[in-house]
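The values are calculated or read from the model by the stated rules, or taken from the named source; none is laboratory data. These numbers come from a predicted model, not from an experiment. Note: ideal-geometry Cβ built from the backbone for every residue, glycine included; neighbour counts use all protein chains shown. Ligands, DNA and RNA are excluded from the accessible area calculation, which covers all protein heavy atoms including side chains. Shrake-Rupley method; radii C 1.70, N 1.55, O 1.52, S 1.80 Å.
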Amino acid sequence: MSRRLVGVGMGPGDPELVTVKGVRVLREAHQVVVPVMDSGETGRAEATVLHHTGAEKVVRVVFALNEREDRARREAAWDAAGERVVALLREAGEDGIVAFATIGDPNVYSTFTYLAQTVRRVMPGTVVETVPGITAMQDLAARSGTVLAEGVEPLTLVPVTAGSAVLRQALEGPGTVVAYKFGRIAAEVAAALRETGRTDGAVWGSALGLPEESIRPAAELDGTPQPYLSTLICPARRDSRGGKL
């Protein structure tokens, strides 16, 4: 048997949106690592884990989640997190399982990617697996009644941390555009929607599945900064049923 590191998608916040397999892995794991910021508050992934398994399994690891400017600090945090997980894998034994809980899906803009790279380097032979999770765009689409894609329409996912120019380029295309993490530059996002004529039908949401959930038409974006983890869906233009087949 080989030690296993399993990234488990926790979905966007609603604890009911975790797969049966995801819950099973959480309960089978010797330890469940949850990424936290150095400020120490309970994050969405941790809250969802605690809904499904006991607190005695949870190991909180600081991960510099939003650090983009100080590369040295970010790299040091990744290394420290990797070393901590390697230690947990050693404690778990040859057939041990350590799970890493991440919001959304572990293969979509997830901190798990960097952790897995570090663990593979420090402890070669570790089996790395993932359990998919429901993404924020899927949850927002369901809660707002917005169709993500039809027929031959492309679907483009843009992290707005890359800048509003990348979003604007996507909006000039023919398909549905989803933007993640746009809250801090909401004014630029609103301007890009207006200037590309893509405001109608667009919707944004934050804190999906949580008590403070907010889902509104994108036309209501007035430039006021929004929560960092805001999600925008701008559906493709459609003029008839099945017109994109």
Test Leu167 against the criterion of being in contact (Cβ under 8 Å) with a residue 60 or more places away in the chain and not β-branched (Val, Ile, Thr), and give yes or no. no
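If a residue must be farther than 30 Å from Pro225 by Cα and out of contact with any helix residue (DSSP H, G or I) (no Cβ under 9 Å at 6 or more places or on another chain), how many such residues does segment 121-168 contain?
Within segment 121-168, residues that are farther than 30 Å from Pro225 by Cα and out of contact with any helix residue (DSSP H, G or I) (no Cβ under 9 Å at 6 or more places or on another chain) number 7.
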On the given criteria, is Pro235 open to solvent by 60 Å² or more (accessible area, probe 1.4 Å) and either within 23 Å of Pro12 (Cα to Cα) or among the polar types (S, T, N, Q) (or both)? no
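Yes or no: Val147 modelled with pLDDT of 90 or more, out of contact with any strand residue (DSSP E or B) (no Cβ under 7 Å at 6 or more places or on another chain) and open to solvent by 50 Å² or more (accessible area, probe 1.4 Å)?
It is true that Val147 is modelled with pLDDT of 90 or more, out of contact with any strand residue (DSSP E or B) (no Cβ under 7 Å at 6 or more places or on another chain) and open to solvent by 50 Å² or more (accessible area, probe 1.4 Å).
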On the given criteria, is Ala29 of a type outside the set (S, T, N, Q), over 25 Å from Val178 (Cβ atoms), out of contact with any helix residue (DSSP H, G or I) (no Cβ under 6 Å at 6 or more places or on another chain) and crowded, with 18+ Cβ neighbours inside 10 Å? yes
The correct count of residues that are open to solvent by 20 Å² or more (accessible area, probe 1.4 Å) and farther than 18 Å from Arg237 by Cα in segment 164-190 is 9
Pairs where the first residue, in segment 1-29, is more than 18 Å from Glu56 (Cβ to Cβ) and assigned to a helix (DSSP H, G or I) and the second is among the aliphatic types (A, V, I, L, M) and open to solvent by less than 50 Å² (accessible area, probe 1.4 Å), C-beta under 7 Å, 6+ apart: Lys21/Val131; Gly22/Val8; Gly22/Val131
Criterion violated by Leu208 - all others in (1) out of contact with any Pro (no Cβ under 7 Å at 6 or more places or on another chain); (2) in contact (Cβ under 8 Å) with a residue 24 or more places away in the chain satisfied: (1)
